[in-house]
Amino acid sequence: MNAGAAFLSLAPDFSYLQKHKNSNAPRVSRKIVCSNFDWQSERFLRYSNFHVLSVSSVSLESFGRRKIGRVWADVKSEPYDIVDSAPDAVKFLDAMNDVSIAEDSPERAFPWWEQFPKRWVIVILCSSAFLLCNMDRVNMSIAILPMSAEFNWSPTTVGLIQSSFFWGYLLTQIAGGIWADKVGGKRVLGFGVVWWSIATILTPVAAKIGLPFLLVVRAFMGIGEGVAMPAMNNILSKWIPVGERSRSLALVYSGMYLGSVTGLAFSPLLIHRFGWPSVFYSFGSVGTVWFAIWLSKAHSSPFEDPELRPEEKRLIISGNPPKDPVTTIPWRLILSKAPVWALIVSHFCHNWGTFILLTWMPTYYNQVLKFNLMESGLFCVLPWLTMAFSANAGGWIADTLVSKGLSVTVVRKIMQSIGFLGPAFFLTQLSHVDSPALAVLCMTCSQGTDAFSQSGLYSNHLDIGPRYAGVLLGLSNTAGVLAGVLGTAATGYILQHGSWDDVFKVSVGLYLVGTVVWNLFSTGEKILD
(Lines give C-alpha, C1' and ligand atoms only; values in the text may rest on other atoms or scores of the structure.)
Protein backbone atom coordinates (compact mmCIF):
# COMPACT_ATOMS: atom_id res chain seq x y z
CA MET A 1 0.00 0.00 0.00
CA ASN A 2 1.51 3.33 -1.04
CA ALA A 3 1.54 6.46 1.15
CA GLY A 4 -1.44 8.08 -0.60
CA ALA A 5 -3.63 5.03 -0.16
CA ALA A 6 -2.59 4.69 3.47
CA PHE A 7 -3.48 8.31 4.11
CA LEU A 8 -6.88 7.96 2.44
CA SER A 9 -7.69 4.93 4.54
CA LEU A 10 -7.38 7.11 7.63
CA ALA A 11 -9.37 10.06 6.24
CA PRO A 12 -12.97 10.63 7.36
CA ASP A 13 -15.64 9.24 5.05
CA PHE A 14 -17.92 11.95 3.67
CA SER A 15 -19.69 9.73 1.17
CA TYR A 16 -22.80 9.32 3.32
CA LEU A 17 -23.48 13.02 2.88
CA GLN A 18 -24.26 12.38 -0.79
CA LYS A 19 -26.78 9.57 -0.42
CA HIS A 20 -29.77 11.77 -1.24
CA LYS A 21 -28.01 13.87 -3.84
CA ASN A 22 -28.55 13.58 -7.57
CA SER A 23 -25.18 12.85 -9.10
CA ASN A 24 -25.95 15.21 -11.98
CA ALA A 25 -26.99 18.13 -9.76
CA PRO A 26 -24.57 20.98 -9.19
CA ARG A 27 -22.35 20.52 -6.19
CA VAL A 28 -22.63 23.15 -3.49
CA SER A 29 -20.69 24.20 -0.47
CA ARG A 30 -23.04 23.35 2.38
CA LYS A 31 -22.90 19.58 1.86
CA ILE A 32 -19.24 18.75 1.90
CA VAL A 33 -18.35 17.47 -1.56
CA CYS A 34 -14.85 16.17 -2.25
CA SER A 35 -14.62 17.91 -5.60
CA ASN A 36 -15.59 21.25 -4.08
CA PHE A 37 -13.79 21.34 -0.76
CA ASP A 38 -13.46 25.12 -0.53
CA TRP A 39 -13.29 27.71 2.22
CA GLN A 40 -17.02 27.54 2.89
CA SER A 41 -16.71 23.80 3.55
CA GLU A 42 -13.85 24.50 5.93
CA ARG A 43 -15.94 27.11 7.74
CA PHE A 44 -18.92 24.78 8.01
CA LEU A 45 -16.79 21.96 9.36
CA ARG A 46 -15.39 24.26 11.99
CA TYR A 47 -18.92 24.77 13.33
CA SER A 48 -19.85 21.10 13.02
CA ASN A 49 -17.30 19.47 15.39
CA PHE A 50 -14.73 19.04 12.60
CA HIS A 51 -11.80 21.27 13.45
CA VAL A 52 -10.07 21.78 10.15
CA LEU A 53 -6.77 23.53 10.62
CA SER A 54 -5.58 23.81 7.03
CA VAL A 55 -6.53 22.54 3.60
CA SER A 56 -4.26 22.74 0.59
CA SER A 57 -5.48 23.85 -2.83
CA VAL A 58 -5.19 20.31 -4.17
CA SER A 59 -8.64 18.66 -4.31
CA LEU A 60 -9.26 15.43 -2.45
CA GLU A 61 -10.00 13.64 -5.73
CA SER A 62 -6.36 13.97 -6.69
CA PHE A 63 -5.19 11.79 -3.79
CA GLY A 64 -3.45 8.73 -5.16
CA ARG A 65 -3.21 10.20 -8.69
CA ARG A 66 -1.14 13.33 -8.14
CA LYS A 67 0.98 15.03 -5.54
CA ILE A 68 -0.86 14.94 -2.23
CA GLY A 69 -1.44 18.34 -0.62
CA ARG A 70 -0.71 18.76 3.04
CA VAL A 71 -3.74 18.28 5.26
CA TRP A 72 -3.81 18.51 8.99
CA ALA A 73 -7.10 17.58 10.65
CA ASP A 74 -8.35 16.76 14.07
CA VAL A 75 -11.40 14.61 13.48
CA LYS A 76 -13.58 13.31 16.29
CA SER A 77 -13.92 9.56 16.28
CA GLU A 78 -17.66 9.40 16.88
CA PRO A 79 -19.93 10.02 13.84
CA TYR A 80 -21.86 13.28 13.78
CA ASP A 81 -24.62 13.99 11.28
CA ILE A 82 -23.74 17.45 10.05
CA VAL A 83 -26.39 17.43 7.32
CA ASP A 84 -29.52 16.74 9.34
CA SER A 85 -28.81 18.93 12.39
CA ALA A 86 -26.78 21.91 13.45
CA PRO A 87 -25.95 23.58 16.74
CA ASP A 88 -27.89 26.70 17.72
CA ALA A 89 -24.70 28.71 17.42
CA VAL A 90 -24.72 28.34 13.63
CA LYS A 91 -28.29 29.42 12.87
CA PHE A 92 -26.97 32.59 11.32
CA LEU A 93 -24.42 30.53 9.35
CA ASP A 94 -27.19 28.23 8.15
CA ALA A 95 -29.12 31.19 6.81
CA MET A 96 -26.07 32.41 4.93
CA ASN A 97 -25.39 28.91 3.60
CA ASP A 98 -28.96 28.74 2.30
CA VAL A 99 -28.14 31.80 0.26
CA SER A 100 -24.95 30.16 -1.02
CA ILE A 101 -26.87 27.09 -2.09
CA ALA A 102 -29.36 29.16 -4.03
CA GLU A 103 -26.57 31.09 -5.73
CA ASP A 104 -24.80 27.90 -6.79
CA SER A 105 -28.01 26.27 -8.06
CA PRO A 106 -29.20 26.73 -11.65
CA GLU A 107 -31.12 29.98 -12.12
CA ARG A 108 -34.85 29.80 -12.64
CA ALA A 109 -37.19 32.54 -13.70
CA PHE A 110 -39.49 34.03 -11.06
CA PRO A 111 -42.77 35.78 -11.95
CA TRP A 112 -42.73 39.51 -11.30
CA TRP A 113 -44.87 39.28 -8.16
CA GLU A 114 -42.33 36.93 -6.57
CA GLN A 115 -39.46 39.22 -7.52
CA PHE A 116 -41.04 42.13 -5.61
CA PRO A 117 -39.03 42.48 -2.35
CA LYS A 118 -40.83 40.76 0.50
CA ARG A 119 -39.63 43.35 3.00
CA TRP A 120 -41.58 45.97 1.07
CA VAL A 121 -44.65 43.74 1.11
CA ILE A 122 -44.37 43.87 4.90
CA VAL A 123 -43.98 47.67 4.75
CA ILE A 124 -47.06 48.04 2.52
CA LEU A 125 -49.15 45.80 4.78
CA CYS A 126 -48.09 47.81 7.84
CA SER A 127 -48.87 51.02 5.97
CA SER A 128 -52.35 49.75 5.06
CA ALA A 129 -52.94 48.79 8.71
CA PHE A 130 -52.09 52.35 9.70
CA LEU A 131 -54.42 53.62 6.97
CA LEU A 132 -57.25 51.68 8.64
CA CYS A 133 -56.05 52.93 12.03
CA ASN A 134 -56.51 56.59 11.15
CA MET A 135 -59.65 56.00 9.10
CA ASP A 136 -61.31 54.52 12.16
CA ARG A 137 -59.91 57.23 14.42
CA VAL A 138 -60.55 60.37 12.39
CA ASN A 139 -64.12 59.53 11.43
CA MET A 140 -65.22 60.64 14.91
CA SER A 141 -63.86 64.15 14.29
CA ILE A 142 -66.40 64.48 11.43
CA ALA A 143 -69.25 62.46 12.93
CA ILE A 144 -69.00 64.35 16.23
CA LEU A 145 -70.65 67.38 14.61
CA PRO A 146 -74.03 65.73 13.82
CA MET A 147 -73.72 63.53 16.92
CA SER A 148 -73.29 66.54 19.23
CA ALA A 149 -76.30 68.20 17.61
CA GLU A 150 -78.42 65.06 18.03
CA PHE A 151 -77.42 64.35 21.64
CA ASN A 152 -77.02 68.02 22.68
CA TRP A 153 -73.37 67.74 23.82
CA SER A 154 -71.43 70.79 25.07
CA PRO A 155 -67.86 71.60 23.86
CA THR A 156 -66.50 70.19 27.13
CA THR A 157 -68.41 66.91 26.58
CA VAL A 158 -67.14 66.77 23.00
CA GLY A 159 -63.58 67.18 24.28
CA LEU A 160 -64.19 64.37 26.80
CA ILE A 161 -65.46 62.04 24.08
CA GLN A 162 -62.55 62.87 21.78
CA SER A 163 -60.04 62.27 24.57
CA SER A 164 -61.63 58.98 25.76
CA PHE A 165 -59.97 57.20 22.86
CA PHE A 166 -56.60 58.03 24.38
CA TRP A 167 -57.47 56.43 27.72
CA GLY A 168 -57.22 52.97 26.18
CA TYR A 169 -54.50 54.05 23.76
CA LEU A 170 -52.36 55.00 26.74
CA LEU A 171 -52.79 51.64 28.49
CA THR A 172 -51.34 49.45 25.74
CA GLN A 173 -48.32 51.39 24.49
CA ILE A 174 -45.67 49.84 26.75
CA ALA A 175 -47.57 46.55 27.12
CA GLY A 176 -47.84 46.28 23.32
CA GLY A 177 -44.12 46.93 22.94
CA ILE A 178 -43.19 44.24 25.47
CA TRP A 179 -45.63 41.79 23.92
CA ALA A 180 -44.32 42.42 20.40
CA ASP A 181 -40.66 42.10 21.41
CA LYS A 182 -41.39 38.77 23.09
CA VAL A 183 -43.85 37.00 20.76
CA GLY A 184 -43.34 38.86 17.47
CA GLY A 185 -45.07 41.77 15.80
CA LYS A 186 -47.31 39.73 13.48
CA ARG A 187 -49.59 38.44 16.24
CA VAL A 188 -49.74 41.75 18.07
CA LEU A 189 -50.55 43.91 15.05
CA GLY A 190 -53.15 41.40 13.84
CA PHE A 191 -54.80 41.43 17.26
CA GLY A 192 -54.85 45.22 17.30
CA VAL A 193 -56.58 45.59 13.93
CA VAL A 194 -59.30 43.07 14.80
CA TRP A 195 -59.88 44.63 18.23
CA TRP A 196 -60.21 48.24 17.07
CA SER A 197 -62.36 47.24 14.07
CA ILE A 198 -64.90 45.59 16.39
CA ALA A 199 -64.89 48.66 18.66
CA THR A 200 -65.47 50.92 15.65
CA ILE A 201 -68.52 48.91 14.59
CA LEU A 202 -69.94 49.08 18.14
CA THR A 203 -69.57 52.88 18.43
CA PRO A 204 -73.05 53.88 17.13
CA VAL A 205 -74.73 51.31 19.37
CA ALA A 206 -72.86 52.62 22.42
CA ALA A 207 -73.69 56.26 21.60
CA LYS A 208 -77.40 55.53 21.48
CA ILE A 209 -77.31 53.59 24.76
CA GLY A 210 -75.66 56.45 26.65
CA LEU A 211 -72.56 58.60 27.10
CA PRO A 212 -70.75 56.27 29.58
CA PHE A 213 -71.02 53.37 27.13
CA LEU A 214 -69.65 55.53 24.32
CA LEU A 215 -66.67 56.54 26.45
CA VAL A 216 -65.92 52.88 27.25
CA VAL A 217 -66.15 51.76 23.60
CA ARG A 218 -63.88 54.61 22.48
CA ALA A 219 -61.39 53.62 25.17
CA PHE A 220 -61.59 50.00 23.96
CA MET A 221 -60.85 51.20 20.46
CA GLY A 222 -57.78 52.96 21.83
CA ILE A 223 -56.60 49.68 23.39
CA GLY A 224 -56.50 48.06 19.95
CA GLU A 225 -54.78 50.96 18.22
CA GLY A 226 -52.31 51.33 21.10
CA VAL A 227 -50.42 48.15 20.21
CA ALA A 228 -50.13 49.01 16.50
CA MET A 229 -47.12 51.31 16.53
CA PRO A 230 -44.94 49.21 18.89
CA ALA A 231 -45.77 46.04 16.90
CA MET A 232 -44.94 47.77 13.62
CA ASN A 233 -41.65 49.02 15.03
CA ASN A 234 -40.74 45.50 16.13
CA ILE A 235 -41.45 44.07 12.68
CA LEU A 236 -39.51 46.73 10.78
CA SER A 237 -36.52 46.44 13.13
CA LYS A 238 -36.16 42.84 11.89
CA TRP A 239 -37.07 43.29 8.22
CA ILE A 240 -35.55 46.63 7.16
CA PRO A 241 -31.82 47.32 6.65
CA VAL A 242 -30.44 50.55 8.12
CA GLY A 243 -30.05 52.19 4.71
CA GLU A 244 -33.79 51.85 4.00
CA ARG A 245 -35.07 52.70 7.45
CA SER A 246 -36.20 56.30 6.99
CA ARG A 247 -38.14 55.79 3.79
CA SER A 248 -39.76 52.56 4.98
CA LEU A 249 -40.99 54.24 8.15
CA ALA A 250 -42.09 57.24 6.11
CA LEU A 251 -44.14 54.95 3.87
CA VAL A 252 -45.74 53.26 6.87
CA TYR A 253 -46.65 56.53 8.55
CA SER A 254 -47.88 57.99 5.28
CA GLY A 255 -50.51 55.25 5.53
CA MET A 256 -51.76 57.07 8.64
CA TYR A 257 -51.99 60.32 6.71
CA LEU A 258 -53.75 58.68 3.79
CA GLY A 259 -56.10 57.11 6.33
CA SER A 260 -56.94 60.59 7.57
CA VAL A 261 -57.45 61.69 3.95
CA THR A 262 -59.76 58.74 3.28
CA GLY A 263 -61.71 59.17 6.49
CA LEU A 264 -62.14 62.93 6.12
CA ALA A 265 -63.08 62.64 2.43
CA PHE A 266 -65.61 59.81 2.68
CA SER A 267 -67.14 60.48 6.10
CA PRO A 268 -69.17 63.55 4.97
CA LEU A 269 -70.42 61.65 1.92
CA LEU A 270 -71.53 58.65 3.98
CA ILE A 271 -73.11 60.87 6.63
CA HIS A 272 -74.99 62.88 4.01
CA ARG A 273 -76.42 59.77 2.29
CA PHE A 274 -76.82 57.21 5.07
CA GLY A 275 -76.45 59.04 8.39
CA TRP A 276 -73.55 59.24 10.82
CA PRO A 277 -73.70 55.57 12.04
CA SER A 278 -72.81 54.35 8.52
CA VAL A 279 -69.29 55.77 8.90
CA PHE A 280 -68.48 53.45 11.80
CA TYR A 281 -70.12 50.37 10.30
CA SER A 282 -68.40 50.66 6.92
CA PHE A 283 -64.94 51.64 8.13
CA GLY A 284 -64.86 48.98 10.84
CA SER A 285 -65.76 46.21 8.39
CA VAL A 286 -62.71 46.80 6.18
CA GLY A 287 -60.42 45.47 8.92
CA THR A 288 -61.53 41.88 8.30
CA VAL A 289 -60.22 41.99 4.73
CA TRP A 290 -56.84 43.30 5.86
CA PHE A 291 -56.60 40.64 8.58
CA ALA A 292 -57.10 37.77 6.10
CA ILE A 293 -54.26 39.06 3.90
CA TRP A 294 -52.03 39.68 6.91
CA LEU A 295 -52.38 36.10 8.15
CA SER A 296 -51.32 34.64 4.79
CA LYS A 297 -48.51 37.03 3.81
CA ALA A 298 -46.85 38.44 6.92
CA HIS A 299 -44.16 37.01 9.21
CA SER A 300 -42.60 38.53 12.31
CA SER A 301 -39.07 38.16 10.95
CA PRO A 302 -37.32 37.05 7.74
CA PHE A 303 -36.17 33.85 9.47
CA GLU A 304 -39.81 32.73 9.77
CA ASP A 305 -40.70 33.30 6.11
CA PRO A 306 -40.26 30.12 4.02
CA GLU A 307 -40.96 32.00 0.77
CA LEU A 308 -38.30 34.68 1.22
CA ARG A 309 -35.83 34.65 -1.68
CA PRO A 310 -32.25 33.85 -0.59
CA GLU A 311 -30.65 37.00 -1.97
CA GLU A 312 -33.13 39.19 -0.09
CA LYS A 313 -32.58 37.17 3.08
CA ARG A 314 -28.84 37.78 2.75
CA LEU A 315 -29.41 41.53 2.33
CA ILE A 316 -31.61 41.69 5.42
CA ILE A 317 -29.63 39.48 7.78
CA SER A 318 -26.29 41.01 6.82
CA GLY A 319 -27.36 44.16 8.65
CA ASN A 320 -29.69 42.49 11.16
CA PRO A 321 -27.92 39.44 12.63
CA PRO A 322 -30.22 37.22 14.69
CA LYS A 323 -30.55 37.89 18.39
CA ASP A 324 -31.93 35.73 21.16
CA PRO A 325 -35.61 36.45 21.90
CA VAL A 326 -36.20 39.18 24.47
CA THR A 327 -37.10 37.63 27.82
CA THR A 328 -36.52 40.54 30.20
CA ILE A 329 -36.56 44.28 29.65
CA PRO A 330 -33.58 46.19 31.15
CA TRP A 331 -35.69 49.09 32.41
CA ARG A 332 -32.98 50.57 34.62
CA LEU A 333 -30.53 50.68 31.71
CA ILE A 334 -33.11 52.07 29.26
CA LEU A 335 -34.30 54.82 31.59
CA SER A 336 -30.73 55.82 32.47
CA LYS A 337 -30.00 56.95 28.90
CA ALA A 338 -30.40 60.64 28.02
CA PRO A 339 -31.32 59.92 24.35
CA VAL A 340 -34.26 57.83 25.58
CA TRP A 341 -35.54 60.77 27.59
CA ALA A 342 -34.99 63.02 24.58
CA LEU A 343 -37.34 60.69 22.68
CA ILE A 344 -39.93 60.77 25.46
CA VAL A 345 -39.97 64.57 25.87
CA SER A 346 -39.87 65.23 22.12
CA HIS A 347 -42.67 62.76 21.47
CA PHE A 348 -44.85 64.54 24.03
CA CYS A 349 -44.16 67.95 22.48
CA HIS A 350 -44.76 66.66 18.96
CA ASN A 351 -48.01 64.83 19.69
CA TRP A 352 -49.60 67.73 21.55
CA GLY A 353 -49.86 69.74 18.34
CA THR A 354 -50.47 66.75 16.06
CA PHE A 355 -53.39 65.28 18.01
CA ILE A 356 -55.06 68.66 18.48
CA LEU A 357 -55.06 69.17 14.72
CA LEU A 358 -56.18 65.58 14.15
CA THR A 359 -59.23 65.84 16.39
CA TRP A 360 -60.16 69.53 16.32
CA MET A 361 -59.34 70.68 12.78
CA PRO A 362 -62.86 70.03 11.36
CA THR A 363 -64.34 71.99 14.27
CA TYR A 364 -61.90 74.86 13.60
CA TYR A 365 -62.90 74.95 9.96
CA ASN A 366 -66.57 74.88 10.87
CA GLN A 367 -66.55 77.45 13.70
CA VAL A 368 -63.80 79.87 12.60
CA LEU A 369 -63.69 79.58 8.82
CA LYS A 370 -67.45 78.99 8.58
CA PHE A 371 -67.20 75.92 6.34
CA ASN A 372 -70.16 73.54 6.33
CA LEU A 373 -69.81 69.84 7.18
CA MET A 374 -68.94 68.83 3.63
CA GLU A 375 -66.43 71.64 3.17
CA SER A 376 -64.82 70.98 6.56
CA GLY A 377 -64.17 67.36 5.64
CA LEU A 378 -62.80 68.17 2.19
CA PHE A 379 -60.51 71.00 3.31
CA CYS A 380 -59.19 68.84 6.15
CA VAL A 381 -57.93 66.43 3.49
CA LEU A 382 -55.30 68.87 2.18
CA PRO A 383 -52.99 68.92 5.24
CA TRP A 384 -53.03 65.13 5.55
CA LEU A 385 -52.45 64.64 1.84
CA THR A 386 -49.48 66.99 2.09
CA MET A 387 -48.16 65.00 5.03
CA ALA A 388 -48.29 61.76 3.02
CA PHE A 389 -46.15 63.38 0.33
CA SER A 390 -43.70 65.22 2.58
CA ALA A 391 -43.16 62.21 4.89
CA ASN A 392 -41.96 60.11 1.95
CA ALA A 393 -39.90 62.99 0.56
CA GLY A 394 -38.29 63.42 3.98
CA GLY A 395 -37.57 59.70 4.20
CA TRP A 396 -35.76 59.66 0.86
CA ILE A 397 -33.82 62.80 1.78
CA ALA A 398 -32.75 61.31 5.13
CA ASP A 399 -31.62 57.98 3.64
CA THR A 400 -29.77 59.81 0.87
CA LEU A 401 -27.92 61.99 3.38
CA VAL A 402 -26.91 58.89 5.36
CA SER A 403 -25.72 57.14 2.19
CA LYS A 404 -23.63 60.21 1.33
CA GLY A 405 -21.73 59.86 4.59
CA LEU A 406 -23.56 62.26 6.90
CA SER A 407 -23.90 60.78 10.37
CA VAL A 408 -27.24 59.35 11.43
CA THR A 409 -27.22 61.66 14.48
CA VAL A 410 -26.93 64.81 12.36
CA VAL A 411 -29.62 63.59 9.94
CA ARG A 412 -32.08 62.83 12.75
CA LYS A 413 -31.52 66.25 14.32
CA ILE A 414 -32.00 68.07 11.01
CA MET A 415 -35.19 66.26 10.13
CA GLN A 416 -36.76 66.61 13.58
CA SER A 417 -35.86 70.29 13.79
CA ILE A 418 -37.84 70.81 10.59
CA GLY A 419 -40.65 68.73 12.11
CA PHE A 420 -40.79 71.08 15.12
CA LEU A 421 -39.94 74.55 13.81
CA GLY A 422 -41.99 74.29 10.62
CA PRO A 423 -45.35 73.71 12.37
CA ALA A 424 -44.47 76.30 15.04
CA PHE A 425 -43.89 78.99 12.39
CA PHE A 426 -47.05 78.34 10.39
CA LEU A 427 -49.30 78.12 13.47
CA THR A 428 -48.10 81.57 14.55
CA GLN A 429 -49.30 82.92 11.20
CA LEU A 430 -52.91 81.81 11.72
CA SER A 431 -53.69 84.79 13.94
CA HIS A 432 -52.51 87.17 11.18
CA VAL A 433 -54.48 85.79 8.23
CA ASP A 434 -57.94 87.06 7.37
CA SER A 435 -59.08 84.68 4.64
CA PRO A 436 -60.11 81.01 4.77
CA ALA A 437 -57.78 80.18 1.87
CA LEU A 438 -54.70 81.48 3.71
CA ALA A 439 -55.77 79.72 6.90
CA VAL A 440 -56.06 76.41 5.05
CA LEU A 441 -52.65 77.08 3.48
CA CYS A 442 -51.07 77.66 6.90
CA MET A 443 -52.63 74.48 8.25
CA THR A 444 -51.43 72.54 5.22
CA CYS A 445 -47.84 73.82 5.51
CA SER A 446 -47.85 73.21 9.25
CA GLN A 447 -48.82 69.57 8.82
CA GLY A 448 -46.53 69.12 5.82
CA THR A 449 -43.42 70.12 7.77
CA ASP A 450 -44.64 68.13 10.79
CA ALA A 451 -44.31 64.94 8.69
CA PHE A 452 -40.51 65.29 8.63
CA SER A 453 -40.67 63.90 12.17
CA GLN A 454 -41.01 60.41 10.65
CA SER A 455 -37.35 60.65 9.65
CA GLY A 456 -36.46 62.22 12.99
CA LEU A 457 -37.77 60.96 16.29
CA TYR A 458 -39.92 58.15 14.84
CA SER A 459 -36.90 56.56 13.13
CA ASN A 460 -34.68 57.07 16.15
CA HIS A 461 -36.10 54.16 18.16
CA LEU A 462 -34.61 51.75 15.62
CA ASP A 463 -31.28 53.61 15.75
CA ILE A 464 -30.60 53.59 19.46
CA GLY A 465 -32.01 50.17 20.38
CA PRO A 466 -33.25 47.96 17.52
CA ARG A 467 -33.64 44.93 19.77
CA TYR A 468 -36.01 46.86 22.04
CA ALA A 469 -37.64 48.90 19.26
CA GLY A 470 -41.16 47.95 20.33
CA VAL A 471 -40.58 48.81 23.98
CA LEU A 472 -38.86 52.10 23.14
CA LEU A 473 -41.68 53.23 20.90
CA GLY A 474 -44.24 52.12 23.47
CA LEU A 475 -42.40 54.10 26.12
CA SER A 476 -42.07 57.32 24.14
CA ASN A 477 -45.53 57.03 22.60
CA THR A 478 -46.98 56.73 26.09
CA ALA A 479 -45.77 60.28 26.62
CA GLY A 480 -47.19 61.17 23.21
CA VAL A 481 -50.56 59.71 24.14
CA LEU A 482 -50.56 61.66 27.41
CA ALA A 483 -50.14 64.74 25.26
CA GLY A 484 -53.13 63.61 23.21
CA VAL A 485 -55.28 63.05 26.29
CA LEU A 486 -54.33 66.33 27.94
CA GLY A 487 -54.17 68.39 24.77
CA THR A 488 -57.48 67.21 23.32
CA ALA A 489 -59.37 67.70 26.57
CA ALA A 490 -57.59 70.99 27.35
CA THR A 491 -58.50 72.35 23.93
CA GLY A 492 -62.20 71.97 24.71
CA TYR A 493 -61.68 73.78 28.02
CA ILE A 494 -59.60 76.56 26.41
CA LEU A 495 -62.21 77.12 23.71
CA GLN A 496 -64.96 77.39 26.31
CA HIS A 497 -62.98 80.06 28.22
CA GLY A 498 -60.63 81.50 25.59
CA SER A 499 -59.90 81.41 21.85
CA TRP A 500 -58.19 79.41 19.11
CA ASP A 501 -55.17 81.71 19.35
CA ASP A 502 -54.62 80.46 22.90
CA VAL A 503 -54.80 76.87 21.65
CA PHE A 504 -52.13 77.49 19.03
CA LYS A 505 -49.83 79.38 21.43
CA VAL A 506 -49.57 76.35 23.72
CA SER A 507 -48.66 74.12 20.77
CA VAL A 508 -46.00 76.55 19.52
CA GLY A 509 -44.41 76.74 22.98
CA LEU A 510 -44.14 72.95 23.21
CA TYR A 511 -42.67 72.72 19.70
CA LEU A 512 -39.88 75.09 20.77
CA VAL A 513 -39.20 73.11 23.96
CA GLY A 514 -39.00 69.90 21.92
CA THR A 515 -36.52 71.47 19.50
CA VAL A 516 -34.12 72.40 22.30
CA VAL A 517 -34.32 69.03 24.08
CA TRP A 518 -33.92 67.05 20.85
CA ASN A 519 -30.83 68.89 19.65
CA LEU A 520 -29.14 68.73 23.05
CA PHE A 521 -29.66 65.08 23.98
CA SER A 522 -30.63 62.91 20.98
CA THR A 523 -28.26 60.59 19.12
CA GLY A 524 -28.36 58.29 16.11
CA GLU A 525 -25.89 55.79 17.58
CA LYS A 526 -26.88 52.45 19.08
CA ILE A 527 -26.89 52.77 22.87
CA LEU A 528 -28.83 49.57 23.71
CA ASP A 529 -27.92 46.07 22.47
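Every residue, every condition in (1) modelled with pLDDT of 90 or more; (2) within 26 Å of VAL242 (Cα to Cα); (3) open to solvent by less than 80 Å² (accessible area, probe 1.4 Å); (4) not in a loop (DSSP other than H, G, I, E, B), yes or no:
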site: SER282; (1), (2), (3), (4): yes, no, yes, yes
site: VAL286; (1), (2), (3), (4): yes, no, yes, yes
site: GLU311; (1), (2), (3), (4): no, yes, no, yes
site: ARG314; (1), (2), (3), (4): no, yes, no, yes
site: PRO321; (1), (2), (3), (4): no, yes, yes, no
site: VAL340; (1), (2), (3), (4): yes, yes, yes, yes
site: THR354; (1), (2), (3), (4): no, no, yes, yes
Query raised in the report: Of all residues in the range 262-280, which are closer than 28 Å to VAL121 by Cα and either open to solvent by 20 Å² or more (accessible area, probe 1.4 Å) or out of contact with any helix residue (DSSP H, G or I) (no Cβ under 6 Å at 6 or more places or on another chain) (or both)?
Result: THR262, ALA265, PHE266
Query raised in the report: Among all residue pairs at least 6 apart or on different chains, which show Cβ distances below 7 Å where the first residue, located in the range 485-507, is in contact (Cβ under 8 Å) with a residue 12 or more places away in the chain and the second is among the charged types (D, E, K, R) and open to solvent by 10 Å² or more (accessible area, probe 1.4 Å)?
Result: ILE494/ASP502
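Going by the conditions given, is VAL513 open to solvent by 30 Å² or more (accessible area, probe 1.4 Å), modelled with pLDDT of 90 or more, out of contact with any His (no Cβ under 7 Å at 6 or more places or on another chain) and aliphatic (A, V, I, L, M)?
Working: open to solvent by 30 Å² or more (accessible area, probe 1.4 Å): yes; modelled with pLDDT of 90 or more: yes; out of contact with any His (no Cβ under 7 Å at 6 or more places or on another chain): yes; aliphatic (A, V, I, L, M): yes.
So VAL513 passes the test.
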Report task. Kindly provide the set of residues from the range 184-196 that are surrounded by fewer than 24 Cβ atoms within 10 Å (Cβ to Cβ) and either in contact (Cβ under 8 Å) with a residue 40 or more places away in the chain or in contact with a helix residue (DSSP H, G or I) (Cβ under 6 Å, 6 or more places away or on another chain) (or both), ordered by number. Result -> GLY184, LYS186, ARG187, GLY190, VAL194, TRP195
Query - Filter result (of a type outside the set (A, V, I, L, M, F, W, C) and closer than 12 Å to GLY487 by Cβ) within the range 498-508 - result: SER507
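Would you point out which residue out of ASN351, ASN366 is over 20 Å from the mean Cα position of the chain (by Cα), at negative phi and not aromatic (Phe, Trp, Tyr)?
Result: ASN366 is the single residue among ASN351, ASN366 that is over 20 Å from the mean Cα position of the chain (by Cα), at negative phi and not aromatic (Phe, Trp, Tyr).
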Query raised in the report: What single numbered condition from (1) open to solvent by less than 50 Å² (accessible area, probe 1.4 Å); (2) within 19 Å of ALA391 (Cα to Cα) fails to hold for VAL242?
Result: (1)
Query - Residue ID - nearest to the chain's Cα centre (by Cα), chosen from residues in the range 211-231 that are open to solvent by 10 Å² or more (accessible area, probe 1.4 Å) and among the β-branched types (Val, Ile, Thr) - result: ILE223
Report summary line: Of the residues in the range 498-529, those that are assigned to a helix (DSSP H, G or I) and under 16 Å from THR363 (Cα atoms) come to TRP500, ASP501, ASP502, VAL503, PHE504
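The values are calculated or read from the model by the stated rules, or taken from the named source; none is laboratory data. Values in this document were obtained by computation on a predicted structure and should not be read as measured data. Cβ sites come from the backbone with ideal geometry, for glycine too, and all protein chains shown count toward neighbours. The area values use the complete protein model at the heavy-atom level, side chains included, leaving out ligands, DNA and RNA. Shrake-Rupley method; radii C 1.70, N 1.55, O 1.52, S 1.80 Å.
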